[in-house]
Each structure stands twice: as C-alpha cells, then as structure tokens.
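Accompanying notes for the structure given below.
The values are calculated or read from the model by the stated rules, or taken from the named source; none is laboratory data. Remember, predicted model here, so these are calculated numbers, not experimental data. Reconstructed Cβ throughout: ideal geometry from the backbone, glycine too, with neighbour counts over all protein chains shown.
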Amino acid sequence: MVEKGEITIEGIILIKSKVFEDERGLFLETFNEDNFNKLSGLKTTFYQDNLSVSKKNVLRGLHFQKPPNAQGKLVQVIKGRALDVAVDIRKNSPTYGAHFKVELNDLNRYQLWIPRGFAHGFIALEDNTIFSYKCDNPYSQKDEMSLPWNDESLAIEWGVKNPILSEKDADATTFKQFKSPF
C-alpha cells in the first residue's frame, strides 16, 4: 500500500511507497492502477514509460507538452539521487508560477505525480542517476516546450550554478515571455 504526502500545490501528489526489506534485499510495488486512482482521484491510462541515466549535475528541464498532447508524469528515481521540480503553469491557478521540489532517491523511494499543466525538471545529484517517467500521453516533439531552469522570476534553488544542459534547455523561453496554453 502507498500513502500520499503533503503538497502545497493542488494536483501534485507525492507518493510514499511501502517498502518490504529483509536480509535478502527489498521489494516494492512501483505501480498499482487501483491504488494510484484512489490516491489521485483520477482514472489515468499510462501510454509510455521512459528511463534516463544522467551524470552528476545534469539538469533536464523544465519541460512540458502543450495541449492537446499535454502529459501527466509519474516519476521516480530507480538508482541515485535527483532534485525534482514541478512548476505550475496553469494560468488560472492560484499557484501559477509557483514550484514544488523534492529529492527523489533510491532510499526514500518516493514517486511524484506531476499532472498536465506543469513544467517539470530535475538535476542529478549523483553520477549514473536512473530516472523513470511514466507518461499518460505519448511524446510529441511538435508540442514540446521548455522554460529556463534558472529563470529569475521562478526563483528555483537548484543547488548548482553551472549544470550540464542540453542545447534545447539552454535556449528556453523566459517565464515573463511565456504564454501558457493551459
């Protein structure tokens, strides 16, 4: 069974999985549709699972897909540690522009549900951090968008000054220029 953690932004869910450990190692259920639907109040179908492996200080994000191909993501770290961040980009939300961040790692085994209408990113805090994404809509390159990881108006403290970025992430649209499609 899982439990729901406290979150200050509506829609985001921190999931604390029950881990069974003994002298042999550990076991945990990484996804159960009935439990997820009860926790989230949703009836979500997942279409795609993704995995990334990152070196320490690799920052991926802040990414999202615009409608009609927006994605909700259930994310977790399989191995290593990552600081995970979700930014509310729902223009009519009382928390528009606010962010939630949490460390996901292979010891706490947390999962984070990030619904549609959020930009998402993470920074690997260890080499070979394995990050898993369970997406409720297929990838659509034409609908993919990004916000800058270091946008001053978002004021996200990542804990690193010069992360390793992709070219796409280095050229993202600023939050002040951004017109939310949500």
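Take the conditions among the basic types (Lys, Arg), in contact with a Ser or Thr (Cβ under 8 Å, 6 or more places away or on another chain), more than 16 Å from residue 59 (Cβ to Cβ) and surrounded by fewer than 18 Cβ atoms within 10 Å (Cβ to Cβ) and apply them to residue 91. Does it pass? Here the answer is yes, as residue 91 does meet what is asked.
Could we say that residue 146 is farther than 23 Å from residue 33 by Cα and either touching a residue at least 12 places away in the same chain (Cβ under 8 Å) or aromatic (Phe, Trp, Tyr) (or both) here? Taking the combined requirement at face value, the residue satisfies it. Only a single criterion out of (1) surrounded by fewer than 13 Cβ atoms within 10 Å (Cβ to Cβ); (2) within 14 Å of residue 132 (Cβ to Cβ) is not satisfied by residue 82, namely (1). Please determine, by comparing only the residues of segment 59-79 that are surrounded by 21 or more Cβ atoms within 10 Å (Cβ to Cβ) and hydrophobic (A, V, I, L, M, F, W, C), which one is farthest from residue 136 (Cα to Cα). Checking each candidate, the answer is 59. Note on segment 66-182: enclosed strands (runs of 3 or more DSSP E) holding 1 or more residues that are modelled with pLDDT of 95 or more and farther than 17 Å from residue 11 by Cα are 73-79, 81-88, 99-105, 118-124, 129-135, 144-146.
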